[in-house]
Amino acid sequence: MRIIKFALTLMAVAVGSVAMAQTANVDERVEELLSKMTLEEKIGQMNQLSGGYQFTDMIREGKVGSILNIVDPVEINAVQRVAVEESRLGIPLLVSRDVIHGFRTIFPIPIGMAATFDPAIVEQGARVSAIEATASGVRWTFSPMLDIARDPRWGRVAEGSGEDPYLDVQMGVAMVKGYQGEDFTDPTSMAACIKHFVGYGAAEGGRDYNTTMISERALRNTYFPAFKACVDAGALTLMTSFNDVDGIPSTGNDWLLQDILREEWGFDGMVVTDWNSSGEMIAHGFAEDLKDATAISINAGVDMDMMSWGYIQYVKQLVEEGRISMETIDNAVRNILRLKFRLGLFENPYVDETLARKVAYAPEHLAAAKQCAVESIILIQNNNNVLPLKGVETILVTGPMADAPYDQLGTWAFDGEEQHTVTPLTALRKDYNVIYEPVLAYSRDDNTANIKAAKKAAKKADAIVVCVGEEAILSGEAHSLSNLNLQGAQSELIAAMKATGKPVVVVVIAGRPLTIERDLAECDAMLYAFHPGTMGGEAIADLITGREVPSGKLPMTFLRDAGQAPFYYNHPMTGRPNNGTETLLNDIPLKAGQTSLGCTSYYLDTGYGPLFPFGYGLSYTTFEYSNITLDKSVLNKSDYIHIDFDLTNTGDYEATEVVQIYVRDLVGSVVRPVKELKGFMRVTLKPGETKHLMYDLPVSDLAFWNRDMEYVVEPGEFQLWVAGDSASGEAITFEVR
Ligand code: GLC
C-alpha cells in the first residue's frame, strides 16, 4: 500500500507542477499557437454564434471560436469534440450562457441581491451558479451587469445593483470572484463578463437602447468605478453596450476600449460585443454597412463578435484592403486564446455528462438561495407591527403572485425550472390554515369579477396576505414602462382587502421599484421582494412568521411617481434646492403671481422627495445609533477617518442592521453629490444589546475626478453620517487639509 501511495503522491506533484507550468507560460503557448494559424482560423476565433449542432461544419473548418445558448452537456461535448478532434488546430470552443442570477437554482434577481448589502452571500450565489452551469459545460457567463441605474422605467434595473457606485463595486467584485474562483483552470471556474460597457443604464427616458449623454467626468465618477474594480479583481471578459455615449456607440468607441480599458486600466482580458451590437452601428447611423461596422468595431478594440456575422464575412477582405491590420487581428486572437488557456480548456475541454443533474438544486445551493432571498426582501411598511403574523390561525392568501412559480424566478432565468420554485402559497400552507383565492390570474389581469370571492373568504380569515407585483416578462431587456403603478386590477384587489377590516399584508414580487404609494395607504404592512427566485416563497414565509427578521435595504430610490425619474440620492444640490416649504398643487391660491410660490427644485404635484430613499428598509425591531465620533476633526489626505459609534437593538427581536456610512464634500472644483455611500456593514444584535463599533474610512476614498480631470481628494470641509439609510442621521463635520 505504501508504494502505491508514494506513486500517487508523485503523480499529484507532477500534475500540480504541470498545471502550474501551464498557467505560468500561457503567453508562450498563445504565441506558439498563433504562429500556426491561418488568417481564416484567426477570424474564426473572433466569431461567436448562438447554437451548437447547426454549426458543426463551420466548427470543423475553424470558423467558430465560441458558442452561446447551448446547455445540454451531450450537445456541448459533441460540438466541442468536433472543434478539438476534427478541426486542423483543435482549438476548443468557449461555451457561454447568460447565467445572471443562477443556473438551475435561481437566486433573487441582481437588484434583489444588491438589496442584501451582503457581498458574501452574493459571492456564494455566484459560486453556486458557476458550479451548476459548468457542470453542463458552460465556462463563460455574461454577468455581472454593472450598469448604474437611476430610472426604474428601464426594465434592466432588474439585472444590476441599483443607483450607487460603491454598492455596485461591492456586488460586482463579489460576483466576479464567485464565478471565477481562485483557480481559473478549475472545471467549476466560469469566466465572468462585466457588462455593458458603458452607460447603458443612462438611457434617456428609461427607454431601453436609447441614447445617453454622459460627460467624461460623470463616466469616471459614476459609471466606471465598478468596471475598474472588477478589472482589478481579475474579470476575464467585458461586453460592450448597445447604446451610444455622446453620439459614439460603445462598440465602436476606441477611447473606451483602448485608452481607458487597455491603456489606463491595463485590462488583458477579452472584449466581446453585445448581441449584434457591431451590426447595430448601421442603425445608429455610425456605420454604412456591416463591412464598415466590422472595421469600426475591430479597430476600436473589440475581440469577438456576438452574432452580427460581420467578422466571419468581411474581416479577410478588410485585412486585404488594409482597413484592419494583421497586428490588430493578432492582438484580438491573443486575447481569445489567452482566455481559453487560462480556463484550462486545452487540457480539459469536455464535461462529465452525468454531472449536471447531480449538482443541480443541491441542498446547500437551495439553502444559499433561500438565505439570499431572506436578506434581499425589504420591509417597506409595518403599521401597528402587524408583522410578523403571530397568534394567527387562518389567513387568506390572494393575488396573482401568490402561486406564480415561473414569474417568481424573474428575468434572465433561462435555465431555472419552475417545478422547483417554492411559492409563497406553498410555503405559507406549512404555517397557517390557508384559504386561497388568487382573484387575478396574472399581474396584468384586470378582471375584478373574483374580488367578491376574496371578500367572502376574508370573513373566515384572521389576516390577509396579498401577493402582487410583476410577471417576469415585465422587466428585463427591452421591457421599459412609462407607468410604474401596479398593473391590472392589483391595486383594486389590495383596496378591497383593506375594506374588509382584516389586517392586510402586501407582498410585492417585482423586477423593479414600482410606484406603490397608493397601495401603501391600503395595507398595514408591505414586504418588497425583487423576484426572489427558487426559494422565494420559503423566504417570504420565514419573514411573515417571524422566523426571520427583514434586513433588506433599497438599492434604488423608490419614487412617488414615474414622472420624478431619473431620481437618485447621490444627486447634486442644485442652486435652488428644495427647502421643504414648497407649495403643492392643491394649495396654490387662484391667480397666484408668477414668482409667488417660491422658486426651488420640486414638482407641484408630487413635491420633491422620493417615496423611500436609497438604503431604506425597516426591521421588526428598532435600532438606535449613538456616540458617533471621529478620532480627528482635521485630517490629512493620507489619514484614515476612524469612526466610533454605538448601535443598540431597542426592540424585541434579534435582527441585523445594515449600517451605512455616507460622506458629503461640501465645496468642490465641480458640484458634488449631497451624499455618497462610502461603506456599510451588517451588524446582528440581540434585543437590548448594544455593540460599540468602529469603521476606518481612508481619506483617499473621498477622491473624485475634479474640474481638471484629476482623481484627487480636494481639501475642505466634509460631512459624515452613520445611519440606517441615506436620509437619516445627524451630520458630523470634519476637514481635510
Ligand atoms: C442580450 C443582452 C446581453 C446578453 C446578450 C447574450 O441582448 O443585452 O446582456 O448577455 O444579449 O444573451
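The values are calculated or read from the model by the stated rules, or taken from the named source; none is laboratory data. Everything numeric in this text was worked out from a predicted model, so none of it was measured. Here Cβ is always computed from backbone atoms with ideal geometry, including for glycine, and neighbour counts include all displayed protein chains. We work out accessible area using only protein heavy atoms, side chains counted, and drop any ligands, DNA or RNA first. Shrake-Rupley method; radii C 1.70, N 1.55, O 1.52, S 1.80 Å.
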Original post:
When the Cα atoms of segment 623-736 are enclosed in a convex hull and the volume is divided per residue, what value in Å³ results?
Top reply: 85
Original post:
If the viscosity is 1.567 mPa s and the temperature 4 °C, what Stokes-Einstein diffusion coefficient in µm²/s follows for segment 104-208 when Rh is the Kirkwood radius over Cα pairs?
Top reply: 94
Subject >> Heavy-atom accessible area order for Tyr432, Tyr53, largest first, 1.4 Å probe >> reply: Tyr53, Tyr432
**OP:** Kindly report, to the nearest 10 Å², the accessible surface of Asp431 as traced by a 1.4 Å probe over protein heavy atoms only.
**Re:** 60
**OP:** Kindly express, to the nearest 10 degrees and within the range 0 to 90, the angle between helix 536-545's C-alpha long axis and the longest C-alpha principal axis of the chain.
**Re:** 30
Subject >> Karplus 3J(HN,Hα) series, Hz, for segment 690-697 with 6.51 cos²θ - 1.76 cosθ + 1.60 (x for Gly, Pro) >> reply: 10, 10, 8, 10, 9, 9, 9, 9
**OP:** Would you compute, from DSSP H runs of 4+ residues alone, the mean residue ellipticity of the chain at 222 nm, taking -39500 (n - 2.57) per run and dividing by the full residue count, rounded to the nearest 500?
**Re:** -8000 deg cm²/dmol
Original post:
Across segment 299-316, in residue order, what do the Karplus-derived ³J(HN,Hα) couplings come to in whole Hz, using 6.51 cos²θ - 1.76 cosθ + 1.60 with θ = phi - 60° and x for Gly and Pro?
Top reply: 5, 6, x, 7, 9, 10, 9, 8, 6, 8, 6, x, 4, 5, 8, 10, 4, 4
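Calculate, for Glu393 and Asp605, the FRET efficiency according to 1/(1 + (r/R0)^6) with r their C-beta to C-beta distance and R0 41 Å; round to the nearest 0.05.
Values: r = 44 Å, r/R0 = 1.07.
So the FRET efficiency works out to roughly 0.40.
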**OP:** Of the options Thr733, Thr684, Pro673, report the single residue whose Cα projects farthest towards the positive end of the charge dipole of segment 623-736 (beta-carbon charges: Lys, Arg +1; Asp, Glu -1).
**Re:** Pro673
**OP:** Give the share of C-alpha pairs in each 20 angstrom bin for the chain, from 0 to the last occupied bin, in whole percents, shortest bins first.
**Re:** 17, 47, 31, 6, 0, 0
**OP:** Enter the Cα centre distance for the pair segment 277-342 and segment 52-123, rounded to the nearest angstrom.
**Re:** 22
Subject >> Accessible surface of Trp255 - all protein chains present, 1.4 Å probe, nearest 10 Å² >> reply: 70
**OP:** Relative to the longest principal axis of the C-alpha atoms of the chain, give the angle of the C-alpha long axis of helix 363-376, reported between 0 and 90° and rounded to the nearest 10°.
**Re:** 50
Subject >> Of Val658, Leu635, Thr621, farthest towards positive along the dipole that unit charges on Lys, Arg, Asp, Glu beta carbons give segment 538-684 >> reply: Leu635
Original post:
Can you give the direction-averaged projected area of the convex hull of the alpha-carbon atoms in segment 398-443, in nm²?
Top reply: 3.4
Original post:
What percentage of all Cα-Cα pairs in segment 202-353 are separated by more than 23 Å?
Top reply: 40
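Taking the Cα centre of the chain as the origin, how large is its charge dipole in debye, to the nearest 20, when only Lys and Arg (+1) and Asp and Glu (-1) carry charge on their Cβ atoms?
Values: 62 positive and 98 negative charges, 265 e Å.
Value, rounded to 20: 1280 debye.
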**OP:** Give the accessible area for Ile312 in Å² (nearest 10); use a 1.4 Å probe, count only protein heavy atoms, and leave out ligands, DNA and RNA.
**Re:** 40
**OP:** Report the label-to-label distance for Phe414 and Gln258 in nanometres (one decimal), using points 7 Å from each Cα along the Cα→Cβ vector.
**Re:** 3.2
**OP:** Taking 7 Å along the Cα-to-C-beta vector as the label spot, tell me the Glu710-Trp265 distance in nanometres, rounded to one decimal.
**Re:** 2.4
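Report the full-extension gain for the segment Asn586 to Ser482: residue separation times 0.36 nm, less the Cα-Cα distance, to one decimal in nm.
Numbers: separation 104, 0.36 × 104 = 37.44 nm, distance 2.47 nm.
This chain segment gains 35.0 nm when fully extended.
Using a simple charge model, +1 on the beta-carbon of Lys and Arg, -1 on the beta-carbon of Asp and Glu, nothing else, what dipole does segment 623-736 show about its Cα centre, in debye to the nearest 20?
200
Roughly how many percent of the accessible protein surface of the chain is carbon and sulfur, given a 1.4 Å probe and a whole-percent answer?
Working: 14160 of 27860 Å².
That fraction is 51 percent.
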**OP:** Kindly sort Glu41, Glu204, Glu320 by accessible area of their heavy atoms, largest first, with the probe set to 1.4 Å.
**Re:** Glu320, Glu204, Glu41
**OP:** State, to one decimal in nm, how far the label point of Asn636 lies from the label point of Glu288, with both points 7 Å from Cα in the Cβ direction.
**Re:** 6.1
Original post:
Against the longest alpha carbon principal axis of the chain, how many degrees, from 0 to 90 and to the nearest 10, is the axis of helix 2-24 turned?
Top reply: 90
**OP:** Enter the Cα centre distance for the pair segment 187-217 and segment 400-445, rounded to the nearest angstrom.
**Re:** 31
Original post:
In the chain, with Lys and Arg counted as +1 and Asp and Glu as -1 at Cβ, which of these residues, Ser277, Leu559, Gly501, has the Cα nearest the positive end of the dipole, that is, farthest along it?
Top reply: Gly501
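Quick one: which of Lys430/Lys456; Lys177/Lys228; Lys390/Lys456; Lys291/Lys340; Lys637/Lys691; Lys63/Lys340 span more than 18 angstrom between C-alpha atoms? The partial results should precede the final answer.
Details: Lys430/Lys456 23 Å; Lys177/Lys228 14 Å; Lys390/Lys456 23 Å; Lys291/Lys340 27 Å; Lys637/Lys691 29 Å; Lys63/Lys340 16 Å.
Going by Cα-Cα distance, Lys430/Lys456; Lys390/Lys456; Lys291/Lys340; Lys637/Lys691 fall outside the 18 Å limit.
Classify segment 312-372: rounded, prolate or oblate, from the alpha-carbon gyration tensor (a ≥ b ≥ c, eigenvalue square roots; a/c under 1.5 rounded; otherwise prolate if a/b is larger than b/c)?
On the way: a/c = 3.60, a/b = 2.85, b/c = 1.26.
Here segment 312-372 falls in the prolate category.
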